[in-house]
Amino acid sequence: MSEEEPLTQADLADQQETPPGVRSLRELIDRVSGRDVRMEPVEGDSSLAEVLPFPFLALVGQKEMKLALILALINPAVGGVLLLGPRGTGKTTAVRGLVELLPEVPRSMCYYGCMPEDIESGGMDAVCPDCARKYAEGQPLARMDRVRLVELPLNAELEDVVGGVDERAAMHERLRIRRGILAQADLNLLYVDEINLLADAIVDVILDAAAQGNYTVRRGPVSATYRSRFGLIGSMNPEEGRLRPQILDRFGLRVLVGGLDDPTERLDAYRRVRAFQSNPHRMVSQYAMETEIAQEEIQAARDLLPEVDISDEVAQQGLEFIRKLEIDSLRAEISLFESARAYAAAEGKTQVEVDDLRQVSQMALRLRRSEFMNDYLANQKTEESEIIALMDAVLTNS
Ligand SMILES: [Zn+2]
C-alpha cells in the first residue's frame with residue numbers, strides 16, 4: 001500500500017487557495033480553466049485511476065462545451081447536448097467528469113426498477129411481487145443515490161436498449177420483460193458516443209424516449225412501460241459518418257468542439273493529463289473544493305429555475321432573432337429560452353435578460369437551418385459570423 005498519508009482538511013486548505021468571491025458558475029469555469037496545476041511525483045499505488053473521472057473543471061479551455069453541459073444539468077428542458085468534433089478533443093472526458101457535479105436522486109433498489117410512485121399511480125400490479133411485499137410491510141423501495149452516467153455501448157442492439165423477454169423469469173412464472181438501457185438511464189445521464197454510427201432505429205428509440213420521458217416495450221402478449229427521464233448527451237465526429245438532420249434537430253444544444261489552438265493551452269492540457277495519470281487522487285483533491293462549489297451552484301440554480309421567467313419583451317427579441325435566421329423548427333425557441341433560463345438561474349436571477357440570450361444563442365441556434373445540414377463544415381464559419389453580427393444588431397439592451 002501507499003505510504004502516503006490520507007489528506008487532512010488542513011492539507012486540503014493548504015493545497016487549494018480558496019476561490020475569492022466567485023460570483024457565478026461562468027466565473028468559476030473561466031477561473032479554473034486557466035489554473036496552473038503543479039506536477040506531483042508518482043507516489044504510491046495509482047491503480048484506481050480508471051474509476052476516478054478526470055475532474056470536469058480541470059479540462060483546459062472548451063468553455064462552451066462546459067457551459068452547455070452544465071446548463072443541461074440545471075435545466076433538462078434544454079433538450080440534451082450534442083458535442084460535434086474530432087477525436088481527442090476531450091468530449092468523453094468532459095461527459096464522464098460531469099457525474100461529480102450531480103446531486104442525489106431517489107433510486108429503486110430492485111432489479112426491475114420498481115418505485116413507490118409506480119404503486120401510487122398503477123397499484124400493486126405495477127411492481128414486482130418482491131416490491132409489492134416490501135411496500136406492504138412498509139419497507140423502502142428506493143434510496144437516495146448519486147446520479148450515474150450510463151454509457152450506451154457502441155455495439156448495442158435494439159433489444160439491449162429497450163429491453164427484452166426475461167428468459168429466467170419466463171421459465172418460472174409469467175412472461176416478464178427485462179429492463180433495457182433506456183430504463184436504466186432513468187434519472188441518470190445517458191451518454192451516446194458516436195451517435196451518427198448507430199443504427200437509425202436505435203437512435204430514433206433513444207430520441208423518442210428522451211423526449212417523452214417514458215417508453216413502452218411489447219413482446220408477444222406482454223408489454224411494459226418504463227420511465228426514461230434522462231439527460232441525453234451525444235457526441236459525434238462529423239468526419240466519420242453522415243449527419244441525419246433529424247438527429248441534429250432533436251438536440252437542444254450543439255457544441256462544436258475543436259482542438260486547442262493555443263500552444264500554451266495544449267501544453268497545459270498535456271501536463272494536466274500527466275498529473276492525473278501519475279496521481280489521480282491528488283489531482284482530484286486539487287479540484288475538490290471547486291467541484292463542490294460548482295455542484296452546490298448547480299443545485300442552487302436547479303432550485304431557483306422554477307421561478308425564472310422570461311418577459312414578453314425579451315422573448316420577442318429572441319423570436320425576431322430566430323425569424324431573421326430563417327429557422328423553421330419550433331425547437332429553436334424552446335432550446336434558446338430554456339437554456340437562457342438555466343443561464344439566468346446560474347447567475348442567481350429570476351428574470352431572463354437579453355444578455356442571457358446572447359450567452360446561449362450560438363449553442364442553441366447553430367446548425368438548425370436545412371441548408372447547413374448537408375454541408376455544414378464548409379458553411380459553419382459564415383453562419384457563426386452571421387449569428388454574431390445579427391446578435392449585435394438585434395439583441396440590444398433597451
Ligand atoms: Zn421490484
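Here is the P(r) of the stretch 272-368: all C-alpha pair distances, binned every 10 Å from 0, give 16, 34, 22, 18, 10, 1 in whole percents.
If the label point is 7 Å along Cα→Cβ of ASP303, which residues in the stretch 329-363 have backbone nitrogen under 17 Å from it? So the set is 345-350.
With labels modelled as points extended 7 Å from the Cα through the Cβ direction, what inter-label distance (nm, one decimal) is found for LEU267 paired with GLN380? The answer from the label model is 2.7 nm. Which one of THR264, GLN299, ALA275 has its Cα pushed farthest toward the positive end of the charge dipole of the stretch 249-306, where Lys and Arg give +1 and Asp and Glu give -1 at the Cβ? So the residue we want is ALA275. For the stretch 198-237, the solvent-accessible area works out to 43 Å² per residue, with a probe of 1.4 Å and every protein chain left in place.
Listed peptides 354-363, 266-275, 84-93 appear in the order 354-363, 84-93, 266-275 once ranked by packing, highest mean of other Cβ atoms within 10 Å at the front.
Potential lengthening of the chain between LEU158 and ARG323 amounts to 55.6 nm, from the contour at 0.36 nm per residue minus the alpha-carbon distance. A simple packing score, the average count of other Cβ atoms within 10 Å per residue, orders the peptides 255-262, 382-389 as 255-262, 382-389, with the highest score first. Please work out the Cα center distance from the stretch 83-162 to the stretch 175-243, rounded to the nearest Å. So the separation of the two Cα centres works out to 13 Å.
So what is Rg over Rh here for the stretch 203-340, counting just Cα atoms and using Kirkwood for Rh?
Numbers: Rg = 20.8 Å, Rh = 19.8 Å.
A ratio of 1.05.
Averaging 1/r across all pairs of distinct Cα atoms in the stretch 181-283 and inverting the result yields a Kirkwood radius of 16.5 Å. Magnitude of the charge dipole for the stretch 169-308, about its Cα centre and with charges confined to Cβ atoms of Lys, Arg (+1) and Asp, Glu (-1), is about 840 debye. What percentage of all Cα-Cα pairs in the stretch 57-181 are separated by more than 18 Å? Tail fraction, whole percent: 67.
Suppose every Lys and Arg Cβ carries +1 and every Asp and Glu Cβ carries -1, with no other charges. What dipole size does the stretch 280-360 come out with about its Cα centre, to the nearest 20 debye?
Working: 8 positive and 18 negative charges, 67 e Å.
So the dipole magnitude of the stretch 280-360 works out to roughly 320 debye.
Cβ under 11 Å from ILE119's Cβ, ILE119 left aside: what net charge do those residues give with Lys, Arg +1 and Asp, Glu -1? Each step should come with its number before you reach the end.
Working: positive: LYS134; negative: GLU117, ASP118, GLU120, ASP125.
Spelling it out: positives minus negatives among the neighbours equals -3.
Give me the extension gain from VAL150 to SER278: residue separation times 0.36 nm, minus the current Cα-Cα distance, reported in nm with one decimal. The partial results should precede the final answer.
Working: separation 128, 0.36 × 128 = 46.08 nm, distance 2.66 nm.
That works out to 43.4 nm of additional length.
Can you work out the PRE-style zone for ARG133? Point 7 Å along Cα to Cβ, and I want the residues of the stretch 72-114 with backbone N under 18 Å. It comes to 109-114, nothing else.
The values are calculated or read from the model by the stated rules, or taken from the named source; none is laboratory data. Being a predicted model, the structure only gives us computed values, none of them experimental. Using ideal geometry, Cβ is built from the backbone for each residue, glycine included, and neighbour counts are taken over all protein chains shown. For the accessible areas, the whole protein counts, side chains as well, though only heavy atoms, and no ligand, DNA or RNA atoms are used. Shrake-Rupley method; radii C 1.70, N 1.55, O 1.52, S 1.80 Å.
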